[in-house]
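Taken together, the values in this text are just the output of simple stated rules run on the coordinates, not laboratory data. This is a predicted model, so every value here is computed, not measured. Every residue, glycine as well, gets a Cβ built from its backbone with ideal geometry; the counts of neighbours run over all protein chains shown.
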Amino acid sequence: MSDQAVDYHQMWADLGLDLPTHDALLGAVGQLFGDAYLTQDNRPAGMDYLNFVMSEVHGLRIKELDDFRKSGGKVFGTFCLYVPEEIIRAAGGWCVGLCAGAEFAYDQVEQIMPRNTCALIKSFMGFKLAKVCPYFESADLVIGETTCDGKKKAYELLGDLHNVWVMELPQMKREQDMAAWRAEIVELVHKAEETTGNTITAESLRAAIIEVNDKRRALQRIAAACAADPAPISGKDRLLATQVAFYDDVPRFTQMMNALADELEQRVASGEGVTPKGAKRILVTGTPMALPNWKLHDIIEKAGAVVVGEEMCTGSRYYQDLVSESADTVDDMLDDIAAKYLDINCACFTPNDGRIEDVVRMAQELKVDGVIDYSLQFCGLYEMESHSVETAVRDAGLPVLKITTDYSMEDVGQLATRVEAFLEML
């Protein structure tokens, strides 16, 4: 994050942030961003917008949320794809992601939860306990979801510190599971209406569905451009675009990402890429990479390869499918929302053949040379499912590298050695 043109310290203090600790966080993330992103060559000009977003991610964007709340608006904080943004926006609320992608205040976290908890859960609890995430403090309501046992129990602890409401996500996709999930969607409608004081109408819900679908369409265009060789954008930059999609103003973000997609399509037409034609192409699959987790992509691309796709929640699962826009009534639209969201292939589901099929399909469509299966340490879901992923990828004739890590930088050298050896083998 760059030096601020505006001093936001009073705003941060009013939100209750620990200012010295927050300043240290901004400095560390700014250094990390500069080392990973601003050292790249031949970046698309459209990335200037995302650079600006990152420079103001705790500044101007928080001021927008603050102004919205002062005008009577309500902000909903989320961690996961399974909370339908369409419903929140249809009720007149704003939806933002929460800080969960860096190692922070683990000494405080480990006083209330086990050390062998996954990094993502420890991260969001650390950001809350240390009072350094302005998105947390701007959220009138945090909506959790039962995608794993660790999160489910962590939300109980988080509920002692913040206003939290949890959606129950079924772990299978049978008819009765869809009925249960549809009921959860209805409960979310009631909670959103109660929180905002607004009633969701067919008109507001239809507008929200189209608005969020348009955001997905823009990201689909960016992803599709990466089927080209040479790739017109780095995997790091594409990952950043998806991460920022959780935080930014929806219409503005969509407009800027369509402009970036226009540029990428022109690059593809002229054969311009961020790496030489023939550079090794990698698909990354596994645990989502919350902002500011760029470690693996940075290692892969500094080794000379390019990440051309992510089969993860901060990747294709976020944007690959749209909510149907054909319904006319609220009930029918809620059916469509329930169907779209239950179809996301998180590792929490059993069986989860759809995810395995997605990995192989994406590897073939993007013409990758190899797949890297990424799991956060102590994430039982993705670590357990990695065997099925590896088997399917190898059966498809592609090499696969399994990596288990956390948010610390202590293993960067070891991971770089393993990634370099994998790329040489390709």
Within a Gaussian network of the chain (alpha carbon springs, distance under 10 Å), most fluctuating of Leu291, Leu322, Leu157: Leu157
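With contacts defined as alpha carbon pairs under 8 Å and 6 or more residues apart, what's the relative contact order of the stretch 193-341 in percent?
Values: 186 pairs, mean separation 45.9, N = 149.
Across the stretch 193-341, relative contact order equals 31 percent.
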Nearest-20 debye value, the stretch 191-315 charge dipole, Cβ charges on Lys, Arg, Asp, Glu: 400
Pairwise centroid distance, computed over Cα atoms, of the stretch 171-200 with the stretch 74-94, Å: 12
Selection from Asn51, Leu188, Tyr318, by position along the positive dipole direction of the stretch 9-425 (Cβ): Asn51
Theoretical gain in end-to-end length, Thr417 to Gln40 [0.36 nm per residue, Cα-Cα removed]: 133.7 nm
Computed over the stretch 72-222: relative contact order in percent, which uses C-alpha pairs under 8 Å that are six or more apart: 29
Segments 201-211, 223-233, 27-37 sorted - mean Cβ within 10 Å per residue, highest first: 223-233, 201-211, 27-37
Highest-fluctuation residue, Gly73, Gly278, Gly16 considered, GNM on the chain with Cα pairs under 10 Å: Gly278
Label-point separation, Asp107 to Asp249 (7 Å along Cα→Cβ), nm: 4.1
Listed residue (Ala259, Leu120, Met384) projecting farthest to the positive dipole end of the chain, Cβ model: Met384
The stretch 324-345 and the stretch 222-285: distance between their alpha carbon centers, rounded to Å: 28
Extreme residue, positive dipole direction of the chain, given options Val83, Ser138, Gly286 (C-beta unit charges): Gly286
Projected label distance in nm at Gln31 and Asn116, using a 7 Å step from Cα toward the beta-carbon: 3.3
Structure-derived volume of the Cα convex hull per residue in Å³: which label, when the choices are (i) 133; (ii) 166; (iii) 273: (i)
Most mobile listed residue (Lys277, Lys70, Lys151) in the chain, GNM with C-alpha springs under 10 Å: Lys70
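Would you work out the relative contact order for the chain, in percent, from Cα pairs under 8 angstrom that are 6 or more residues apart?
For the chain, the relative contact order is 17 percent.
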Point-charge dipole on Cβ atoms (K/R +1, D/E -1) for the chain, about Cα centre, debye to 20: 520
Computed label-point distance, nm, for sites Asp23 and Thr199 using a 7 Å Cα→Cβ extension: 5.1
Computed magnitude of the charge dipole of the stretch 134-180 (debye, nearest 20; Cβ of K, R +1, Cβ of D, E -1): 200
15 Å cut-off, amide nitrogen to a point 7 angstrom out along Arg69 Cα→Cβ, residues in the stretch 133-150: 133-143
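Multiply the residue separation of Lys153 and Ala227 by 0.36 nm, subtract the distance between their alpha-carbon atoms, and state the gained length in nm to one decimal. Provide the component values of the computation, followed by the final result.
Details: separation 74, 0.36 × 74 = 26.64 nm, distance 4.03 nm.
22.6 nm is the gain from fully extending Lys153 to Ala227.
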Sum of -39500 (n - 2.57) over DSSP H runs of 4+, divided by residues of the chain (222 nm, nearest 500): -16500 deg cm²/dmol
